[in-house]
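Student: Quick one: this structure, given as structure tokens, is what I'll be asking you about.
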Amino acid sequence: LRALSTPMRPVVALGRGALDIEQLRSIESAIETYSPRLLVNAAAITDVDRCEREPDLAFRVNADAAGRLAAVATRAGISFVQVSTDFVFDGSKREPYVVTDEPSPASVYGRSKLAGERAVLQTSSEALIVRTAWLYGVGGKNFASRIFEYAARTGRIRAIVDMQGSPTYAPDLAGRILLLSEFGAGGVYHATATGSASWYDVAKLAMRLASWDDVVVEPTTVAALGLAAPRPAYSVLRCLLSERLGLPPMRPWEEQLADFVECCPKPELRQ
Ligand SMILES: NC(=O)c1ccc[n+]([C@@H]2O[C@H](COP(=O)([O-])OP(=O)(O)OC[C@H]3O[C@@H](n4cnc5c(N)ncnc54)[C@H](OP(=O)(O)O)[C@@H]3O)[C@@H](O)[C@H]2O)c1
């Protein structure tokens, strides 16, 4: 979001040190300092396997703290956006999920984020819930964000082939959030790149775009990795509300990935 800052619309991005969303005093102090017009909550416990082990922490941050943040913002007359996730769906559908589909999270993370959505909407019907998916960007922690780091280490990447989703580049999501906050009424929005892929497809294309053709990309499955949290096998999202607003679809995932590959710092590739 910070990259979208302009003199007319300055954006500040605060980490946990400057704003701990679990602490009421910290929230109030940040609001006093910055007097924002819009508050976007992207803070969360996002390690889905850790959430299985630490459900109390997941619900405290992803649900209770999100609701508290929204309540303080609403009382202060600040517009509020809660970033949410495709994990609110169990992934059993085989066509894009729309906002009228009933959420059915299969993991603690998904349940805590859904509880967060509900806590936020309870404080204000004007709030925007923006569900995104497969988010990555420079400096991020997940698979796509660190793909060059992994590839450089051994010259091989194992990438999941049996999940289908829409890999979404964080700067594209940030732009969409600002657009929605300007045009949209309160409610639940889906905001992902257009098209869908597996992590295997993402890894293959990223290596090709970077001309790291010697890197071996090996397909693997969710089951083979023995991960603690269930992941939706299919989580492509479609946004009925954005379509009704006449907003164009977000860019195809391949285009977004190309931008990421271009600006992502790359470590030395071991030969
Ligand atoms: N990554 C995805 O694929 C994906 C997909 C769909 C939706 N989302 C949603 O998108 C948002 C951003 O995700 P991300 O991938 O950027 O996650 P991330 O890299 O894990 O960032 C989340 C941030 O929240 C911070 N945080 C945790 N507890 C906090 C607290 N009490 N107060 C303040 N900050 C706190 C974390 O700080 P620490 O590092 O200090 O813990 C971390 O910097 C989240 O709402 C997530 O649910 C992500």
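The values are calculated or read from the model by the stated rules, or taken from the named source; none is laboratory data. It should be emphasised that the depicted structure is a prediction, and the values quoted were computed from it without experimental measurement. So basically every Cβ, Gly included, is an ideal-geometry build from the backbone, and we count neighbours across all protein chains shown.
Student: Quick check: anything in the range 99-108 touching a Ser or Thr at 6+ places or on another chain (Cβ under 6 Å) and either farther than 21 Å from S166 by Cα or surrounded by 22 or more Cβ atoms within 10 Å (Cβ to Cβ) (or both)? If you could, list the steps in order and put the result at the bottom.
Tutor: Going residue by residue through the range 99-108, those that are touching a Ser or Thr at 6+ places or on another chain (Cβ under 6 Å) are none.
No, the range 99-108 has no match at all.
Student: Quick check on the range 15-30. Is at least one of its residues in contact with a strand residue (DSSP E or B) (Cβ under 8 Å, 6 or more places away or on another chain) and crowded, with 20+ Cβ neighbours inside 10 Å? Outline the logic, then answer.
Tutor: Here is the first cut: in the range 15-30, the residues in contact with a strand residue (DSSP E or B) (Cβ under 8 Å, 6 or more places away or on another chain) are 21.
Okay, now just the ones that are also crowded, with 20+ Cβ neighbours inside 10 Å, so 21.
Yes: one or more hits.
Student: Within the range 20-31, can one find any residue that is within 15 Å of the ligand (Cβ to nearest atom), assigned to a loop (DSSP other than H, G, I, E, B) and either modelled with pLDDT under 95 or out of contact with any Lys or Arg (no Cβ under 9 Å at 6 or more places or on another chain) (or both)? Please lay out each step first, then the result.
Tutor: Our first condition is that a residue be within 15 Å of the ligand (Cβ to nearest atom); within the range 20-31, this holds for 20-31.
Still in the running and assigned to a loop (DSSP other than H, G, I, E, B): 20-23.
Add one more test, that the residue is either modelled with pLDDT under 95 or out of contact with any Lys or Arg (no Cβ under 9 Å at 6 or more places or on another chain) (or both), and what stays is 20, 23.
Within the range 20-31, one or more residues are within 15 Å of the ligand (Cβ to nearest atom), assigned to a loop (DSSP other than H, G, I, E, B) and either modelled with pLDDT under 95 or out of contact with any Lys or Arg (no Cβ under 9 Å at 6 or more places or on another chain) (or both).
Student: Return yes when P96 is away from the ligand (no atom under 11 Å from the Cβ) and farther than 23 Å from E182 by Cα and no when it is not.
Tutor: Details: away from the ligand (no atom under 11 Å from the Cβ): yes; farther than 23 Å from E182 by Cα: yes.
Answer is yes for this residue.
Student: Among the numbered criteria (1) more than 15 Å from the ligand (Cβ to nearest atom); (2) modelled with pLDDT under 95; (3) in contact with a strand residue (DSSP E or B) (Cβ under 8 Å, 6 or more places away or on another chain); (4) of a type outside the set (S, T, N, Q), which single criterion is violated by P7?
Tutor: Single failed check for P7: (3).
Student: On the given criteria, is A58 in contact with an Asp or Glu (Cβ under 6 Å, 6 or more places away or on another chain), closer than 19 Å to R131 by Cα and in contact (Cβ under 8 Å) with a residue 12 or more places away in the chain?
Tutor: On the way: in contact with an Asp or Glu (Cβ under 6 Å, 6 or more places away or on another chain): no; closer than 19 Å to R131 by Cα: yes; in contact (Cβ under 8 Å) with a residue 12 or more places away in the chain: yes.
So A58 does not fit the description; no.
Student: Using the structure shown, decide if S112 is part of a helix (DSSP H, G or I), at pLDDT 95 or above and surrounded by 18 or more Cβ atoms within 10 Å (Cβ to Cβ).
Tutor: Values: part of a helix (DSSP H, G or I): yes; at pLDDT 95 or above: yes; surrounded by 18 or more Cβ atoms within 10 Å (Cβ to Cβ): yes.
Here the answer is yes, as S112 does meet what is asked.
Student: Go through (1) under 25 Å from F87 (Cβ atoms); (2) part of a loop (DSSP other than H, G, I, E, B) and name the single condition E243 misses.
Tutor: Against the list (1) under 25 Å from F87 (Cβ atoms); (2) part of a loop (DSSP other than H, G, I, E, B), E243 comes up short only on (2).
Conditions tested, residue by residue: (1) outside any loop (DSSP other than H, G, I, E, B); (2) under 19 Å from K204 (Cα atoms).
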| site | (1), (2) |
| --- | --- |
| P249 | no, no |
| E254 | yes, yes |
| D259 | yes, yes |
| E262 | yes, yes |
| K266 | no, yes |
